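Here the structure comes first, spelled out in structure tokens, and everything after it is commentary.
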Amino acid sequence: QVQLVESGGGLVQAGGSLRLSCAASGSIFSINVMGWYRQAPGKQRELVATITSTSSTQYADSVKGRFSISRDNAKNTVALQMNSLKPEDTAVYYCYVKGIRGYWGQGTQVTVSS
């Protein structure tokens, strides 16, 4: 089992920045991919960014150039730096890790006002 604790969500004006963090504990030896997904009201959950244990990254087209994902393998944490935020970035953001199976965090609300 893997437990995930997220932090860093909140309310910000358009153009502002937020940093999300996620700490993993438990059976962390099996983790390969860490990442973030988001779900806006009435929409499906979508990938935001992922990073592998070898630091290979993937981003949604909508966040490329604005968001940056990083991880600390020694601390088993993953972070998402979000810059130039837009109202359409408003969503619940979920931390996700995958080793043998996938695990989800509880979600953290990000609200961007116009």
Matching residues in region 94-114 (of a type outside the set (Phe, Trp, Tyr) and under 21 Å from residue 72 (Cβ atoms)) number 8
Output yes when any residue across region 87-104 is open to solvent by 40 Å² or more (accessible area, probe 1.4 Å) and more than 19 Å from residue 2 (Cβ to Cβ), and no when none is.
yes
Top-ranked residue of region 1-17 - restricted to ones that are of a type in the set (Val, Ile, Thr) and open to solvent by less than 40 Å² (accessible area, probe 1.4 Å), ranked as modelled with the lowest pLDDT:
2
Assuming residue 55 fulfils every condition listed in (1) on the phi < 0 side of the Ramachandran plot; (2) at pLDDT below 95 apart from one, which condition is it?
(1)
For residue 56, are the conditions met, namely being over 24 Å from residue 114 (Cα atoms) and touching a strand residue (DSSP E or B) at 6+ places or on another chain (Cβ under 6 Å)?
no
Of all residues in region 37-83, which are over 18 Å from residue 19 (Cβ atoms) and basic (Lys, Arg)?
43, 45
Test: residue in region 18-34 that is open to solvent by 30 Å² or more (accessible area, probe 1.4 Å), modelled with pLDDT of 95 or more and in a loop (DSSP other than H, G, I, E, B)
no
Is there a residue being more than 14 Å from the chain's Cα centre (by Cα) and outside any loop (DSSP other than H, G, I, E, B) anywhere in region 73-95?
yes
Residues in region 35-67 that are open to solvent by less than 60 Å² (accessible area, probe 1.4 Å), touching a residue at least 12 places away in the same chain (Cβ under 8 Å) and not in a loop (DSSP other than H, G, I, E, B) total 10
Which pairs have Cβ atoms under 8 Å, sit 6 or more apart or on different chains, and link a residue in region 1-26 that is under 25 Å from residue 99 (Cβ atoms) to one that is of a type in the set (Lys, Arg) and open to solvent by 40 Å² or more (accessible area, probe 1.4 Å)?
8/19; 23/75
Can residue 70 be described as within 11 Å of the chain's Cα centre (by Cα), without any contact (Cβ under 8 Å) to a residue 24 or more places away in the chain and open to solvent by 30 Å² or more (accessible area, probe 1.4 Å)?
yes
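The values are calculated or read from the model by the stated rules, or taken from the named source; none is laboratory data. Just so we're clear, the structure is a prediction, and the values are computed from it rather than from any experiment. Backbone-built Cβ (ideal geometry, glycine too); neighbour counts: all protein chains shown. Just the protein is used for accessible areas: all its heavy atoms, side chains included, with ligands, DNA and RNA removed. Shrake-Rupley method; radii C 1.70, N 1.55, O 1.52, S 1.80 Å.
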